[in-house]
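Step one of this worksheet: look at the structure below.
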Amino acid sequence: MPAVPDTTGEGAVAAPPSLSVSPSPSPQGPEGQRIHFEDVSVRYGAVTVLSDFTLTVEPGEIVALLGPSGSGKTTALRAVAGFVAPTSGRVFIGQRDVTGIAPNARNIGMVVQNYALFPHMSVAENVAFGLRARRAERGLVARRVAESLALVGMEAFAGRMPRALSGGQQQRVAIARALAIRPSVLLLDEPLSALDAQIRRQMVEEIGRLHREIPDLTILYVTHDQHEALTLADRIAIMRDGKLAALDTARALYRRPPNRFSAEFLGRANVLEGRVSALSDDGTMAELEIGALRMRGANPHGLPAGARALIGLRPHHLTQALPHAGPGTSGAADGAVRIEGRITHVDWQGASETLTLALGPTSGGTTSGGTASGAASDPATAEIRCTAPPAAEPHRIGATITLHYDPQDATVLPHEATDG
Amino acid sequence: MADATTRPLPHPHRTLRHTLRAALPGSAWVVLPLALSALVFLYPLALVLHEALTGGGAGLDTGPALRVLGAHIFRTALTNTLRIALASTLGCLVIGFALAVVLSYVPFPGRSLALRLIETFIALPTFLVTLAFTFLYGSAGIVNETLMQATGAALPPLDFLYSSWGVILAEVTVYTPFVLRPLMAAFSTLDRAQIEVAASLGARAPMIVRRILLPAALPALMAGGSLCLLLTVNEFGIVLFIGAKGVITLPLLVYSKAIQEFDYPTACVVASANLVLSVGLYALYRAMVGRMGGGHADLV
Ligand SMILES: Nc1ncnc2c1ncn2[C@@H]1O[C@H](COP(=O)(O)OP(=O)(O)OP(=O)(O)O)[C@@H](O)[C@H]1O
Ligand SMILES: [Mg+2]
């Protein structure tokens, strides 16, 4: 294994001859290394599964690859592990181009959905496997196994066989096994999706804690669960059809999704279509004309007046008000936008409920004026979802209610011609 | 049916069964077929055993049997049989395992064709392979002819075919598919992620084979191996067809005593010994399959 140049900028730490098994100065592990995809494409025959994928996971960072099924998340992860050969492009770990390097020479920790523990080995032997493969001396193996099991709270289970463990325990062992070799990067492919909801929440917290204990560890975390991504990831990469659809910090992506797909995929935002009818003086806010409806929102893309545009608004940013007396008055003094809707569906979820509302005038679609642009959402048929704590009185289907939102919470997005 | 008020219509089969059951006591349905098969299979077997234990005379006389069992030729045949069976089984296991690993995990063009071809070996009569071997490696076979022409030797340089090595080679060729099949089945149920995780942990191919594939294949190896042992202990066609002069096995000894020398008492003793060996191995085989667990027993 060649010496790997330090990429963290914390001074040159010469890599020991066998980076992976020598006791490293920090008890946690080796210096984190970046994962870098450079224009990686993967094709199977005529099918392009990953197309010109470029992404850098910085040392010590957790990046979640989030996307619908079949979007190429696993393929991207397997390209790092070495089980998928890119048709074109290169993959780096640290400064090292690993594109043509065998999986067993990449010093990677990998955790998969179904754990893949070795069934004929005890928990301790499973964890020791990677160290044995590196011919680590016995004392080191014993020490590392104990350390790694302690890290995931499984010390007491060292002698157990995998089949005698619960799913959550098996996944902990799988993580310990991956960490025992002190990998430069950790790849997790939907590690929690085989667990039930309660254990999954607990494991998300544990992985978070684990990363606080090993802050240098670079983690690429594949998931289609946005809760996991939002909780764990420093940055989220949203994938769609083998392409990177969006990449930003979890908060930024949630607050200001850059496009319709990210807005809808992450947090199921309401997206309505219209035309920019007015701008604030500095252009940071825009008003959209959606039929007879006017909706304001932040304009981070700086769309000009007259442009076709979308507006994205999260269901929980719409606050409910009791049906009120007089029309025409603005519902809130602080510039909140007021919209009216007719309840068409109520989805009660215990702690919250989601109302689906048909927008537009109370009397239904017939009185709405003809829309100026054919592409705009017709407010007569446009729907909007609103999530709020359940009302004391059950909602009546067909009742008209007024909703408010802070225009800062809405994002005006460029119109996408090709978008479905 | 759950409704008590609707009376079920008399079912034709049910009625027939009832009629038959009425005509015969229930136990007859078990006893009759058993008795029939006893007559067809067990009676001749009993005759053989009887012949072996009485030495052709009246009354129990183990003297002749013990004499046969003590004879040099029997000892030789027994050791030959065991030696050839064990060596062949070992060969089948080693080659079968290697082939199964390659066919399951190493992608190469024509892989499915190779699989199909090996499968058909199971269907081939055993002597056919032997015949093919004679054409290839026999004293007048292609290989020897070529070698003799090339070197100008007067005698065929390759004569392993007419020794136990020839028999072993033929048996390995014939019976390897019997090991290969359960092995392939075992590998097809092995989670590929295990192999990938092992590789990413730094394991090279030999370690993956030793620590992941071998343990996963162990039940199939045991079951396939004991089946192989059972079949090779009783192998007759291959040994006869090769016609190796010095290679006398138990089945061959039975054949030569009974058919060539009309020495039925001796043949029966040898056959009985062979039978005991087979039944013992069969018990072993069942135990192995049983240990694979109910879900896997059908793989063999
Ligand atoms: N070996 C292969 N040959 C052909 N197509 C493949 C192969 N492997 C994957 N694909 C295709 O590549 C696409 C992306 O697969 P991938 O497993 O990366 O998706 P994913 O984002 O991980 O999905 P999921 O969330 O369902 O796991 C899929 O459409 C899949 O059918
Ligand atoms: Mg996947």
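In this structure, is residue B:94 without any contact (Cβ under 8 Å) to a residue 60 or more places away in the chain and closer than 22 Å to residue B:225 by Cβ?
Details: without any contact (Cβ under 8 Å) to a residue 60 or more places away in the chain: yes; closer than 22 Å to residue B:225 by Cβ: yes.
When the stated conditions are applied, residue B:94 passes them.
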In segment A:281-301, residue least open to solvent (accessible area, probe 1.4 Å) [restricted to those that are free of Cβ contacts under 8 Å to residues at least 12 places away in the same chain and not in a strand (DSSP E or B)]: A:282
Residue, farthest from ligand 1 (Cβ to nearest atom), within segment A:34-49, restricted to residues that are crowded, with 16+ Cβ neighbours inside 10 Å and not charged (D, E, K, R): A:36
Hits in segment A:209-232 - residues which are assigned to a loop (DSSP other than H, G, I, E, B), open to solvent by less than 60 Å² (accessible area, probe 1.4 Å) and over 21 Å from residue A:70 (Cβ atoms): A:214, A:216, A:217
Matching residues in segment B:178-214 - criterion: being of a type in the set (A, V, I, L, M, F, W, C) and more than 11 Å from chain A (Cβ to nearest Cβ): B:178, B:179, B:180, B:183, B:184, B:185, B:186, B:187, B:209
Helices (runs of 4 or more DSSP H) fully within segment A:55-154 counting 3 or more residues that are crowded, with 18+ Cβ neighbours inside 10 Å and within 16 Å of ligand 2 (Cβ to nearest atom): A:73-81
Residue identified as at pLDDT 85 or above and not in a strand (DSSP E or B) among A:327, A:304, A:323: A:304
Options B:102, B:129: the member that is in contact (Cβ under 8 Å) with a residue 24 or more places away in the chain and of a type in the set (Val, Ile, Thr): B:129
Subset tally (residues that are within 11 Å of another protein chain (Cβ to nearest Cβ) and either in contact with a Gly (Cβ under 7 Å, 6 or more places away or on another chain) or without any contact (Cβ under 8 Å) to a residue 24 or more places away in the chain (or both)) for segment B:215-243: 2
Tally, over segment A:45-54, of residues that are among the hydroxyl-bearing types (Ser, Thr, Tyr) and within 15 Å of ligand 2 (Cβ to nearest atom): 0
Only listed residue being within 16 Å of ligand 1 (Cβ to nearest atom) and either at pLDDT below 90 or not basic (Lys, Arg) (or both), chosen from A:241, A:282: A:241
Residue list for segment B:197-244, filter: of a type outside the set (A, V, I, L, M, F, W, C) and within 16 Å of residue B:99 (Cα to Cα): B:206, B:210, B:224, B:225
In segment A:175-202, residue nearest to ligand 1 (Cβ to nearest atom) [restricted to those that are closer than 29 Å to residue A:92 by Cα and either away from every other protein chain (no Cβ under 14 Å) or polar (S, T, N, Q) (or both)]: A:193
Sole residue being within 12 Å of the chain's Cα centre (by Cα) and in the same structural domain as residue A:357 (by TED's automatic domain parsing), chosen from A:283, A:267: A:267
Answer from B:9, B:16, B:82 - the residue that is at pLDDT 75 or above and of a type in the set (A, V, I, L, M): B:82
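Out of A:374, A:364, A:360, report the one residue that is at pLDDT below 85, in contact with a Pro (Cβ under 8 Å, 6 or more places away or on another chain) and either of a type in the set (Gly, Ala, Ser) or open to solvent by 50 Å² or more (accessible area, probe 1.4 Å) (or both).
So the residue among A:374, A:364, A:360 that is at pLDDT below 85, in contact with a Pro (Cβ under 8 Å, 6 or more places away or on another chain) and either of a type in the set (Gly, Ala, Ser) or open to solvent by 50 Å² or more (accessible area, probe 1.4 Å) (or both) is A:360.
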For residue A:226: the one exception among (1) at positive phi; (2) outside the structural domain of residue A:296 (by TED's automatic domain parsing): (1)
Residue match in segment A:254-265 (condition: open to solvent by less than 10 Å² (accessible area, probe 1.4 Å) and within 16 Å of ligand 1 (Cβ to nearest atom)): yes
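If you check residue A:100 against the conditions, is it away from ligand 1 (no atom under 12 Å from the Cβ) and either in contact with a strand residue (DSSP E or B) (Cβ under 8 Å, 6 or more places away or on another chain) or within 14 Å of another protein chain (Cβ to nearest Cβ) (or both)? Give the steps one after another, and end with the answer.
Working: away from ligand 1 (no atom under 12 Å from the Cβ): yes; either in contact with a strand residue (DSSP E or B) (Cβ under 8 Å, 6 or more places away or on another chain) or within 14 Å of another protein chain (Cβ to nearest Cβ) (or both): no.
The answer is no for residue A:100.
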Residues of segment A:160-178 satisfying the condition of being under 14 Å from residue A:199 (Cα atoms) and among the β-branched types (Val, Ile, Thr): none
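The values are calculated or read from the model by the stated rules, or taken from the named source; none is laboratory data. In this text the structure is predicted, and so the values were computed from the model without any measurement. Cβ: placed from backbone, ideal geometry, glycine included. Neighbour counts: every protein chain shown. Just the protein is used for accessible areas: all its heavy atoms, side chains included, with ligands, DNA and RNA removed. Shrake-Rupley method; radii C 1.70, N 1.55, O 1.52, S 1.80 Å.
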